[in-house]
Structure formats: structure tokens, C-alpha cells
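Enquirer: My questions will all concern the structure given below.
The values are calculated or read from the model by the stated rules, or taken from the named source; none is laboratory data. Note that the structure is a prediction, hence the values are computed from the model and not measured. Because the Cβ atoms are built from the backbone with ideal geometry, glycine has one as well, and the counts that use them run over all protein chains shown.
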Amino acid sequence: MNSGKIKFWGTRGTFPIAKTDMLKYGGNTSCIEVISPSSEQKDSSVIIDGGSGIVGYGDQAWEKGIRNYHIIFSHTHYDHILGFTKFLPLFQQNSHISIYGQTKNGLTIKDIFEKFFSFPFFPVTYKNLSAKLTFQEIKHGESTVINDIEFSFQSLNHPQKALGIKGMFKNKDSFVYATDHEHGTPLDNELSTFCQKSNLLIYDSSFCNENFKLGWGHSTSSQGALLAKKSDCKSLGIFHHEPDSSDEILEKILLPQAQDIFPDSFLCMEGRTFNLSTLLYDDLLTT
Ligand SMILES: [Zn+2]
């Protein structure tokens, strides 16, 4: 396996849902696994965001024997961290978890997690977590290498800030994870440069053209399509599905609005693995 892959463990935005008409594309919130050819050799895996989707990931990874985890946070709003409270490796002694995130208003990513695991929000406080935790600050314009993948970071337009994350594999396959972001500021041009020629753009498509809400910090599938087209990306993953969007709404409204502009658009689907070289799900066609 020489190509990079992205597994979608959580594709929903804002809040997890369990309605039967919404489960085709998934009810768990933001979490993706970044799979490189060297991941398994190194007993090490890379995850972006810890929404409720990270629970299923953690159970499976621990069972497989993975003991080293790198988790990059785009930001720390609840829908991107809430799964951490049931992330099995966090409660295991021979587990090593490296956490990457932005400092916010003087609070480091470590400070933020100490607050998250504190009285009276959760019974296990930070100092009682079993895993060995290390923290690394990430910033706009900087980069870091994990599992032979170069990760770089781009500011997004979101209340209290968020980072877009690009992963560049050794074979030059690349993806950009750009959620949560509202279009319409000069950051769009920076983001376009950041996305240039990516194999996959995973984009905040919380809204369709008709229900877009100005100032909420989110975007539309058609804006994602315009960005993918302008940036010469090879595919667009419609992501951060609203809890109000049924599978039918995603298929009949958000997907066509993107494909009218950028035909190589698809709906990110929980549980599926997207191959960055073939531009297909491992077991499903993307279009
Ligand atoms: Zn979100």
C-alpha cells in the first residue's frame, strides 16, 4: 500500500445525531484517520479532531495493538473534542498520546485539556488520566512531520479561530482538511493557495445555498466546489454535515449544488476509507 488514505470516523458537524434517515453518511462528529504506508510499521497513527467519531476509532485501534497516537485538533469546540471522554487509549497506562493544537487567548492546548477534564464536567480529572500525554502547539504557517507525512496549518474564518490542516505524503499525494470555515474574507485566497493541487479537499459544507447563515462560521458545498475548482484540486469531500440534514437532503441538494460547479465532489461517509491516489473509496465509487 503506497498511497495515502483518509478514513472518515465522524462526518457530522455541530452535534452527534442518531436519526435513522441520517445514518447513511453518519451521525458522529468530526474525526478522520490519516493513514500512511508507514503507520502500521511504526505502531503509530494520526487522527484529526476528536469528535464523537474518535470513540469507534479508539476501540478499534487499541484492539489492533496501536499504542502511539498523534491527534491534531483543528480547534476545540465541543463537536471536535467530545469523543475524547470515551477515547479508550486515554484510559490505558501503556498508551502514549501526542496532542497538537492552537493556543487560544493565552490558554495552551494543554491548559484547554486540563479544563476539559475537570470538576464538575467529568468524573476523571486530567491528573488521573492513565495515558502518557504530550502536547505540541501548532500555528498558522508552520509545519510538522508525523509518520512521514508533512502537516502544515492555515488560519480559517471561524469564531474563536480554527486551523485548516494539510497533509503531504512522501509520494506527493496530499489532502486539505478545511472545517470549520466561513467563506467571504481575504482568508479565502490564502486557503486557495494552501489547497493548490491537493488530491482531496475536505470542506465545511454545513449549509446549502438556501440555508446559509452569515456569521455562523460555516460554509456551503457550492463554496467548497468553487474553492476546489479554483485551487485545481482533484476531488472535493463534502463534510461537517448539519444535524438537520437528512441523507436525502445531502444527496438531492448539497451534492448536486457542488457537482454543478465541480463534478468530482462526493459526500464524506462515516466508516469509509478514501484512497488519495485512486480518488475512490476503497469499496465504493465516489460519484
Ligand atoms: Zn464543527
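Enquirer: Can you name the residue in the range 65-74 that is closer than 20 Å to Ile165 by Cα and touching a helix residue (DSSP H, G or I) at 6+ places or on another chain (Cβ under 9 Å) and, of all such residues, is farthest from the ligand (Cβ to nearest atom)?
Expert: Going residue by residue through the range 65-74, those that are closer than 20 Å to Ile165 by Cα are 69-74.
If we keep only those that are touching a helix residue (DSSP H, G or I) at 6+ places or on another chain (Cβ under 9 Å) too, we end up with 69, 71, 73-74.
On the way: Tyr69: 21, Ile71: 16, Phe73: 11, Ser74: 8 Å.
Top of the filtered list is Tyr69.
Enquirer: Would it be correct to say that Lys42 is part of a loop (DSSP other than H, G, I, E, B), out of contact with any Gly (no Cβ under 9 Å at 6 or more places or on another chain) and modelled with pLDDT under 95?
Expert: Numbers: part of a loop (DSSP other than H, G, I, E, B): yes; out of contact with any Gly (no Cβ under 9 Å at 6 or more places or on another chain): yes; modelled with pLDDT under 95: yes.
So Lys42 passes the test.
Enquirer: Among the residues of the range 25-48 satisfying the criterion of being of a type in the set (A, V, I, L, M, F, W, C) and more than 16 Å from the ligand (Cβ to nearest atom), which is surrounded by the most Cβ atoms within 10 Å (Cβ to Cβ)?
Expert: Checked the range 25-48; the qualifying residue surrounded by the most Cβ atoms within 10 Å (Cβ to Cβ) is Val34.
Enquirer: Then there's this: Would you call Gly271 closer than 28 Å to Gly50 by Cβ, out of contact with any Leu (no Cβ under 8 Å at 6 or more places or on another chain) and either surrounded by 18 or more Cβ atoms within 10 Å (Cβ to Cβ) or at pLDDT 95 or above (or both)? Don't jump to the end; show me each part of the working.
Expert: Numbers: closer than 28 Å to Gly50 by Cβ: yes; out of contact with any Leu (no Cβ under 8 Å at 6 or more places or on another chain): yes; either surrounded by 18 or more Cβ atoms within 10 Å (Cβ to Cβ) or at pLDDT 95 or above (or both): yes.
Judged against the criteria, Gly271 is a match.
Enquirer: Sticking with this structure for a sec: Mind listing whichever residues of the range 7-24 are more than 14 Å from the ligand (Cβ to nearest atom) and crowded, with 24+ Cβ neighbours inside 10 Å?
Expert: So in the range 7-24, the residues more than 14 Å from the ligand (Cβ to nearest atom) come out as 7-9, 18-24.
Within the range 7-24, Phe8, Trp9 meet the criteria.
Enquirer: Within the range 214-243, which residues are in a loop (DSSP other than H, G, I, E, B), within 16 Å of the ligand (Cβ to nearest atom) and over 21 Å from Ser155 (Cβ atoms)? Full working, then the answer.
Expert: The initial filter retains those residues of the range 214-243 that are in a loop (DSSP other than H, G, I, E, B), namely 214-219, 231-235, 240, 242-243.
Retained after the next criterion (residues that are within 16 Å of the ligand (Cβ to nearest atom)): 215-219, 240, 242-243.
Within the range 214-243, Glu242, Pro243 qualify.
Enquirer: Can you say whether Asp180 is more than 17 Å from Gly4 (Cβ to Cβ) and modelled with pLDDT under 95, as far as the supplied structure shows?
Expert: On the way: more than 17 Å from Gly4 (Cβ to Cβ): yes; modelled with pLDDT under 95: yes.
Considered against the rule, which asks whether it is more than 17 Å from Gly4 (Cβ to Cβ) and modelled with pLDDT under 95, Asp180 comes out as yes.
Enquirer: Within the range 188-211, take every residue that is within 16 Å of the ligand (Cβ to nearest atom) and either farther than 19 Å from Lys230 by Cβ or free of Cβ contacts under 8 Å to residues at least 40 places away in the same chain (or both) and give me the one that is surrounded by the fewest Cβ atoms within 10 Å (Cβ to Cβ).
Expert: Here is the first cut: in the range 188-211, the residues within 16 Å of the ligand (Cβ to nearest atom) are 202-207.
Subsequent filtering for residues that are either farther than 19 Å from Lys230 by Cβ or free of Cβ contacts under 8 Å to residues at least 40 places away in the same chain (or both) retains 203, 206-207.
Values: Tyr203: 32, Ser206: 30, Phe207: 25.
This residue is Phe207.
Enquirer: Out of all the residues in the range 62-74, which are outside any strand (DSSP E or B) and surrounded by fewer than 22 Cβ atoms within 10 Å (Cβ to Cβ)? Working first, answer last.
Expert: Pass one, the range 62-74, residues outside any strand (DSSP E or B): 62-67, 73-74.
Correct list: Trp62, Glu63, Lys64, Gly65, Ile66, Arg67.
Enquirer: A follow-up question, please. Across the range 75-100, what is the total count of residues that are within 15 Å of the ligand (Cβ to nearest atom) and either part of a loop (DSSP other than H, G, I, E, B) or over 12 Å from Leu133 (Cβ atoms) (or both)? So that I can check it myself, show each step before the final result.
Expert: Of the residues in the range 75-100, the ones within 15 Å of the ligand (Cβ to nearest atom) are 75-84.
Those left that are additionally either part of a loop (DSSP other than H, G, I, E, B) or over 12 Å from Leu133 (Cβ atoms) (or both): 75-83.
Count: 9.
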